[in-house]
1. May I ask you to list the trypsin sites (Lys or Arg not before Pro) in the stretch 71-105 that are in a DSSP loop and have at most 16 other Cβ atoms within 10 Å of their Cβ?
2. Leaving out ligands, DNA and RNA but keeping every protein chain, what accessible area does His139 have, in Å² rounded to the nearest 10, with a 1.4 Å probe?
3. Taking the stretch 241-317, which GluC sites (Glu not before Pro) meet the DSSP loop condition and have no more than 11 other C-beta atoms within 10 Å?
4. Solvent-accessible area per residue for the chain at a 1.4 Å probe radius, Å²?
5. Which of rounded, prolate, oblate describes the stretch 291-337, given a ≥ b ≥ c as roots of the alpha-carbon gyration tensor eigenvalues and a/c under 1.5 marking rounded, otherwise prolate only if a/b is larger than b/c?
6. Under a Cβ-Cβ cut-off of 13 Å, what is the net charge of the residues other than Leu345 that fall near it, where Lys and Arg count +1 and Asp and Glu count -1?
7. Could you give the size of the charge dipole of the chain about its Cα centre, using +1 on the Cβ of each K and R and -1 on the Cβ of each D and E, expressed in debye and rounded to the nearest 20?
8. Please give the net charge around Phe417, taking every other residue with its beta carbon less than 10 angstrom from that of Phe417, where Lys and Arg add +1 and Asp and Glu add -1.
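The values are calculated or read from the model by the stated rules, or taken from the named source; none is laboratory data. Everything quoted here is computed from the prediction, not taken from an experiment. Don't worry about glycine lacking a Cβ; one is built from the backbone with ideal geometry, like all the others, and counts go over all protein chains shown. Surface areas here come from the heavy atoms of the whole protein model, side chains and all, with no ligands, DNA or RNA. Shrake-Rupley method; radii C 1.70, N 1.55, O 1.52, S 1.80 Å.
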Amino acid sequence: EETVLGTVGVDVSSDWTKFPRYGFLSEFGNVSSAERNDVLNNLKDYHINGLQYYDWHSKHHIPLPTDENDNPADSWTDLFNREIYFETVDGYVEAAKDRNMASMFYNLLFGAWHPEEGDGFDNEWLIFNDRIHNSVNKHSLGDLGDILITDPSNEEWQNYIFDETEVVYSNLDFAGWHLDQLGNRGTVYDFNGYEVPLPDTYQDFLTELNEEFPDKKMVLNAVDQYGQKKILNSPVDFAYTEVWSRYQYQDLVEVIKENYEYSEGLLNTVLAAYMNYDAQEGSFNTPSVLMADAVIFAFGGAHLELGEHMLSSEYFPNTKLSMTSELSEKLKEYYDFQVAYQNLLRDGGVFNMPSVSGLTEDVRVNNWPPVFSQTAAVGKLLSDKQVVHLLNFDGVNTLQWRDNSKIQTAPKVKENFEIEIETAKTPSKVWFASPDVDGGASQELEFNQTGNKIILELPYLEYWSMIVLEY
């Protein structure tokens, strides 16, 4: 008798942005080589293939400071006055390459931080809240000062920041630029009083950036989906959304679907979705994280959540919450599962709603979106397969994914129960897999077909189970 002792997923993709599994780094002080290796080896176990280097830079308009000989500075401070060491950043980039992880440097596409005489910066590149360039549009950081916002479509600004980006690429072997914005800035104007349509300027900037650095990757954060349609009609390599005003599990799914539609089905999505956001101490709530990841992964997305620690807010160095060992181990199973079945989860297909019914009293199934006390079913149709995802909301306390107060509870486990699935064809094979059991290993299922319906016994359902009908 075979017994599953352990499993692992292996990704052999030639381009990591096809199936991005994005992590982050946020501490670049005096971090030893051994400490850096520990961080990266841990992320490797979750199959992280891309890293966002958050707040590694000096000024937004001069990300990498250099000396009079154009050599990079040994150290500098970031905008929160943390000391950054060049050796640490460079060491991470090189060690990540050894593990086939791509390093993406973080920076705004339109920010200037305390420009000084000698920086070569021109105030005419800024955007303004009025037509007579009286009030600069800025992002306040309180006592630390303001980030001044530039016009991304201004050619002189583009030339300036591209030159500074060349300095970065000449000294650090980053795979690309993780660009950020600051969401909807309201009605803004350039120095000459003309209204600046920011989403259009993003597209212009990204097109020029791609022409300037055609061999480098790029992605732009659509803050709460602002400007995403224009962004995804630019030559970016995957979709990235920082989620704010979408509160329910079904809202996360809508973001993923929107991104897929905007990119004409070409780009997969990474969500920056911060869990247990209002909690100030203790550990992450395991059911919160697993339920959110089950939904995101089932619909083909990825979740930016793992770095030197787990992410709980938009300020990535924040370590107010920790992972329990239980959550750490369970998440490895989820990431293994995402990799092992990525061609089913993230490689095309069309979502559909096959009719699925529970045939036992304690299993009630509805089509997506979720309903309390029931299991939500959603399908994906591929050329020779029908995938059916079951997401279990029986026993949960909330349908809000962020779970600010850590009230989410684990769903009730269901074992060895019968379900009925409508199918237009006769399957040649039916199998099941779940990240919640047997390490995600697949198991073939016997089934009986009558007309256009099959009946089968599903071995296990906790958070998420996947059934595949092969034709």
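1. Values: sites: Arg82, Lys97, Arg99; in loops: Arg82, Arg99.
Those satisfying the criteria are Arg82, Arg99.
2. Accessible surface of His139 is approximately 60 Å².
3. Working: sites: Glu242, Glu254, Glu258, Glu261, Glu264, Glu281, Glu305, Glu308, Glu314; in loops: Glu264, Glu281, Glu305, Glu308, Glu314.
Passing both the DSSP loop test and the Cβ count: Glu264, Glu281.
4. Details: 19390 Å² over 471 residues.
Ligands and nucleic acids excluded, the figure is 41 Å² per residue.
5. Numbers: a/c = 2.43, a/b = 1.42, b/c = 1.71.
The shape class here is oblate.
6. +1
7. Values: 31 positive and 78 negative charges, 392 e Å.
Result for the chain is approximately 1880 debye, rounded to the nearest 20.
8. On the way: positive: Lys414; negative: Glu361, Asp362, Glu415, Glu418, Glu457.
Once positives and negatives cancel, what remains is -4.
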